[in-house]
Amino acid sequence: QVQIVESGGGLVQPGGSLRLSCAASGTIFSIVGMAWYRQAPGKQRELVASITKNSSTLYADSVKGRFTISRDNAKSTIYLRMNNLKPEDTAVYYCNADPPLRTAWGQGTQVTVSS
């Protein structure tokens with residue numbers, strides 16, 4: 001059974017930074033690429049950033065140059081470093097496989113960008 005636990009969210013002022021962490025069960029982490037997704041109130045969930053097993057990365061246009069996804073294979077963990085945060089980045093952030101597994105959605109972590 002896949003288990004994913006996200007952490008690191010919080011309240012931050014515009015222009016601030018946060019680092020999100022995602023611990024995933026070893027099986028899924030070793031065989032698939034992983035990604036961060038987010039869902040803002042009233043909007044559909046969207047892909048934010050993805051990373052392959054070989055650490056190739058892709059980013060949504062809205063976060064390019066501000067967010068960095070990385071992975072630590074030894075810890076079965078992926079990270080999302082978010083700099084220069086904007087109010088429109090406010091959302092619940094989730095990690096999952098890429099493409100996502102229906103049964104692997106966790107609780108997510110809330111990121112709120114507000115002054």
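The values are calculated or read from the model by the stated rules, or taken from the named source; none is laboratory data. Since this is a predicted model, take the numbers as computed values, not measurements. Using ideal geometry, Cβ is built from the backbone for each residue, glycine included, and neighbour counts are taken over all protein chains shown. Side chains are part of the model used for accessible areas, which takes the heavy atoms of the whole protein and leaves out ligands, DNA and RNA. Shrake-Rupley method; radii C 1.70, N 1.55, O 1.52, S 1.80 Å.
Residue count for region 99-115, restricted to those that are in contact with a Phe, Trp or Tyr (Cβ under 9 Å, 6 or more places away or on another chain) and buried (at least 18 other Cβ atoms within 10 Å of the Cβ): 3. Counting only residues that are of a type in the set (S, T, N, Q) and farther than 14 Å from A35 by Cα, region 74-108 holds 5 of them.
Could you grab me the full set of residues in region 33-44 that are surrounded by 17 or more Cβ atoms within 10 Å (Cβ to Cβ) and either hydrophobic (A, V, I, L, M, F, W, C) or modelled with pLDDT of 95 or more (or both)?
M34, A35, W36, Y37, R38 - these are the residues of region 33-44 that are surrounded by 17 or more Cβ atoms within 10 Å (Cβ to Cβ) and either hydrophobic (A, V, I, L, M, F, W, C) or modelled with pLDDT of 95 or more (or both).
Please verify whether region 63-79 includes one or more residues that are hydroxyl-bearing (S, T, Y), open to solvent by less than 20 Å² (accessible area, probe 1.4 Å) and at pLDDT 95 or above. No, because not a single residue in region 63-79 is hydroxyl-bearing (S, T, Y), open to solvent by less than 20 Å² (accessible area, probe 1.4 Å) and at pLDDT 95 or above. Residues in region 1-32 that are open to solvent by less than 40 Å² (accessible area, probe 1.4 Å) and under 20 Å from N83 (Cα atoms): E6, G8, G9, G10, V12, G16, L18, L20, S21, C22.
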